[in-house]
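Trainee: Sharing a structure below in structure tokens format, with a few things to ask.
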Amino acid sequence: MKTFLFLLVAASAMANDAQDARERALRQFFEGRSVTVFLDMPASSKGVDLAIGQREPLDAGKHARRLVETGIAVREGTKIAITRINLKDDLIEFHLGGGGFNAIWNSSGTVSPSYGKSEREKQLEKDIKREDDPRRKRDLQRELDRVREHRQREEERSRAEADEINAARRERDQDKALGMGSRFNVRFEGNVPAGAATPQGLMEILAPWVDFAGLPGGEVYARRRVERPAPAPAPAPEGPDGPGLRAGMSRSEVAGLLGPAEHEESRNEGDLHKAIAIFRDGGRKMELTFVNGVLVQFKEVR
């Protein structure tokens, strides 16, 4: 039994050593070099998920939703530095420009409004229950009402202040996220195959979405984009003056296309800021919906 356990531990240690060696080799080859991406990438450490072994490794719908939720940190055609390679049991992380905004580690956090009864309010509630004199009880109740009204006003003020601070923090985090890059998460159904955990194997996998020209041997994989293009959303309809709206556009891009909004209503929904605005597109009246400054939906209205 002891011999079996020793062999098991030794085999596990050898496997870990081999994985560490492969990770070091990947880092030495890739990190610090630059590539060009063939798709927009989310402003989040969630990045772009690739399910290796599936018929379509990139889930275009999931990818589009992530772009809408986070905005675009790396735009298609951008040349960007490879900043980190992490090799895990069933996953290879391919970090670009910093690897993406992590909501846990990089967020400014949120503040909560102040709630709760004061000691005086609690004491008055107790005194009222114990008081038998009707007149004294009425006096205590009037004082309690005043104390409660004051607390409720303070709570309302605290909520408004917290909402304002959190809105500013969300905007600051969104701006920060746009400058922190993104990543590819290359996921396997089982352990990462040894062949995939090599520079050539990883370039082979990522070739439909990444141009490796300029890296040693990268020209071989640069041709794969033509042979196997990445899935892309359907193009937006064209307006009378050229390309029209498309989901994922920023507010400034929409303003550049359509000008200022004629009317707008906005509200906060948890951590999301939602705005519904009316624009004119030539002779058409359009209703556009933005979430955190990113266009998610548009339609013509009467």
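The values are calculated or read from the model by the stated rules, or taken from the named source; none is laboratory data. The model shown is predicted, which means the values in this text are computed figures rather than measured ones. As a convention, Cβ positions derive from the backbone with ideal geometry for all residues, glycine included, and neighbour counts pool all protein chains shown.
Trainee: Please verify whether region 213-231 includes one or more residues that are in contact with a Leu (Cβ under 6 Å, 6 or more places away or on another chain), small (G, A, S) and modelled with pLDDT under 90.
Mentor: Yes, region 213-231 has at least one match.
Trainee: Still on this structure, I have one more. Can you list the strands (runs of 3 or more DSSP E) found entirely within region 262-302 that contain at least 1 residues being surrounded by 17 or more Cβ atoms within 10 Å (Cβ to Cβ) and among the aliphatic types (A, V, I, L, M)?
Mentor: Once the strands (runs of 3 or more DSSP E) in region 262-302 are filtered for at least 1 residues that are surrounded by 17 or more Cβ atoms within 10 Å (Cβ to Cβ) and among the aliphatic types (A, V, I, L, M), what remains is 272-281, 284-291, 294-301.
Condition check ((1) under 28 Å from the mean Cα position of the chain (by Cα); (2) assigned to a helix (DSSP H, G or I); (3) closer than 22 Å to G100 by Cβ) across all residues:
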{"residue": "Q123", "(1), (2), (3)": "no, yes, no"}
{"residue": "Q141", "(1), (2), (3)": "no, yes, no"}
{"residue": "R153", "(1), (2), (3)": "no, yes, no"}
{"residue": "R170", "(1), (2), (3)": "yes, yes, yes"}
{"residue": "N191", "(1), (2), (3)": "yes, no, no"}
{"residue": "A197", "(1), (2), (3)": "yes, no, yes"}
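Trainee: Let me ask something else. Filter region 39-62 down to residues that are surrounded by 13 or more Cβ atoms within 10 Å (Cβ to Cβ) and in contact with an Asp or Glu (Cβ under 6 Å, 6 or more places away or on another chain) and give me whichever is farthest from A103 (Cα to Cα).
Mentor: L39
Trainee: Would it be correct to say that R146 is surrounded by fewer than 15 Cβ atoms within 10 Å (Cβ to Cβ) and not assigned by TED's automatic domain parsing to the domain that holds P42? Let's see the steps before the verdict.
Mentor: Details: surrounded by fewer than 15 Cβ atoms within 10 Å (Cβ to Cβ): yes; not assigned by TED's automatic domain parsing to the domain that holds P42: yes.
It is true that R146 is surrounded by fewer than 15 Cβ atoms within 10 Å (Cβ to Cβ) and not assigned by TED's automatic domain parsing to the domain that holds P42.
Trainee: Kindly list the number of the only condition in (1) touching a helix residue (DSSP H, G or I) at 6+ places or on another chain (Cβ under 6 Å); (2) more than 20 Å from A247 (Cβ to Cβ); (3) of a type in the set (A, V, I, L, M, F, W, C) that fails for A43.
Mentor: For A43, the failing item is (2).
Trainee: Which of (1) at pLDDT below 85; (2) assigned to a strand (DSSP E or B) does A247 not meet, given it meets every other one?
Mentor: (2)
Trainee: R65 - would you say it is without any contact (Cβ under 8 Å) to a residue 40 or more places away in the chain, closer than 28 Å to R246 by Cβ and surrounded by fewer than 18 Cβ atoms within 10 Å (Cβ to Cβ)?
Mentor: In short, yes.
Trainee: Moving on to the next point. State whether one or more residues within region 172-194 are exposed (fewer than 12 other Cβ atoms within 10 Å of the Cβ), in contact with a helix residue (DSSP H, G or I) (Cβ under 8 Å, 6 or more places away or on another chain), in the same structural domain as R27 (by TED's automatic domain parsing) and in contact (Cβ under 8 Å) with a residue 24 or more places away in the chain.
Mentor: Scanning region 172-194 turns up at least one residue that is exposed (fewer than 12 other Cβ atoms within 10 Å of the Cβ), in contact with a helix residue (DSSP H, G or I) (Cβ under 8 Å, 6 or more places away or on another chain), in the same structural domain as R27 (by TED's automatic domain parsing) and in contact (Cβ under 8 Å) with a residue 24 or more places away in the chain.
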